[in-house]
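Just so you know, all these numbers are worked out from the coordinates, no wet-lab data involved. A quick note: this is a predicted structure, and the numbers were derived from the prediction, not measured. Reconstructed Cβ throughout: ideal geometry from the backbone, glycine too, with neighbour counts over all protein chains shown.
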Amino acid sequence: MIMRQLIVGVPEKVLLAEKMDETTFAEEMRLLSAIKLFELGRLSSGRAAELAGMPRVEFLMTLGKYKVFPLEAELLDLEDTYARRN
């Protein structure tokens, strides 16, 4: 898999407020961005897991910690299908 690096400026005060070093903060940003992009339906769970740097099952298990329902897209599809039938 080809990985590209992105440079993101983070104010020093943010790192101090979060009590994190750059590496730890970057890992959390990767996870949180993966979760949000998955939640918005912009990434599949597999692609979001790749972005987060973890196996898909682990990513899906982690979603609950952030109050994200792992099958939201499937639920919305079912609700849409049911609404069209009635």
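Tabulated data for the structure shown
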| quantity | calculated |
| --- | --- |
| Relative contact order (%) - the chain, alpha-carbon pairs under 8 angstrom, separation at least six | 17 percent |
| Top of A17, A26, A52 by mean-square fluctuation, Gaussian network on the chain, Cα under 10 Å | A17 |
| Cα pair count fraction exceeding 18 Å, expressed as % - the chain | 53 percent |
| Of the trypsin sites (Lys or Arg not before Pro) in the chain, those whose Cβ has at most 16 other Cβ within 10 Å and which sit in DSSP loop | R4, K19, R42, K67 |
| Residue-count net charge about M1 - beta-carbon cut-off 15 Å; Lys, Arg +1, Asp, Glu -1 | +3 |
| In nm, spacing of pseudo-spin labels at K19 and Q5 (7 Å Cα→C-beta vector) | 2.9 nm |
| Computed helical MRE - 222 nm, the chain, DSSP H runs ≥ 4 contributing -39500 (n - 2.57), nearest 500 | -19500 deg cm²/dmol |
| Student exercise, the range 20-85 dipole from Lys, Arg, Asp, Glu Cβ charges, in Debye to nearest 20 | 240 debye |
